[in-house]
Amino acid sequence: MILNNLTMSWRYKGDYITELGDMPENVFGFIYKITNTETGEYYIGKKQVVSVRKRNFGKKEIAALEDKRVKKYEMVTKESDWKDYRSSNDKVKSWFETEEGRSKCDLEILRFCSNKKSLTYYELQEQFAHDVLGDELSLNDNLLGKFFRKDLE
């Protein structure tokens, strides 16, 4: 069985998202739900689509500055591996190891976020809304690394 590229693409409200241009402007990341359509198991998580880091200027760049009081660094934005990302959960990752497993997976974007704090907040909101620690089909076993399924049983 040969899958086309769209089969393994993220979807948002029925539309395939294959590049940054398909997303809202100034998007930082998204909340996602990956579902195994055969078993009903699912995982809800978050993924940054860009990373922003500080890059210090080199000696030559600093020497070339006319005003020595200006900052000696720049913020660099880089696209992440979001297109190929398939969760941090080991069981979910294993679904993507075979073509048969991949064909049973649904990759859905639930919400786009414009900054890191909203990304964390809305991930938690979706996890609570789906009662991921109480739902047997959920593969999430903790929230924020603080609240664990095993502690609630």
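Kirkwood's formula applied to the C-alpha pairs of the range 12-73 gives a hydrodynamic radius of 15.9 angstrom.
Once the Cα atoms are used to define both axes, helix 116-129 deviates from the longest principal axis of the chain by about 10 degrees. Kirkwood hydrodynamic radius computed over the range 55-101 comes to 14.7 Å, based on all pairs of distinct alpha carbons.
For the chain, the Cα gyration tensor yields ellipsoid semi-axes of 36, 20, 14 Å (square root of five times each eigenvalue, largest first, whole Å).
Note that the range 11-18 has calculated 3J(HN,Hα) couplings of 10, 9, 6, x, 9, 7, 10, 10 Hz, one per residue in order, obtained from phi through the Karplus relation 6.51 cos²θ - 1.76 cosθ + 1.60 (θ = phi - 60°); glycine and proline are x.
Values in this text are rule-based calculations from the coordinates and carry no lab data. Just so it is clear, the structure is predicted and the values come from calculations on it, not from any experiment.
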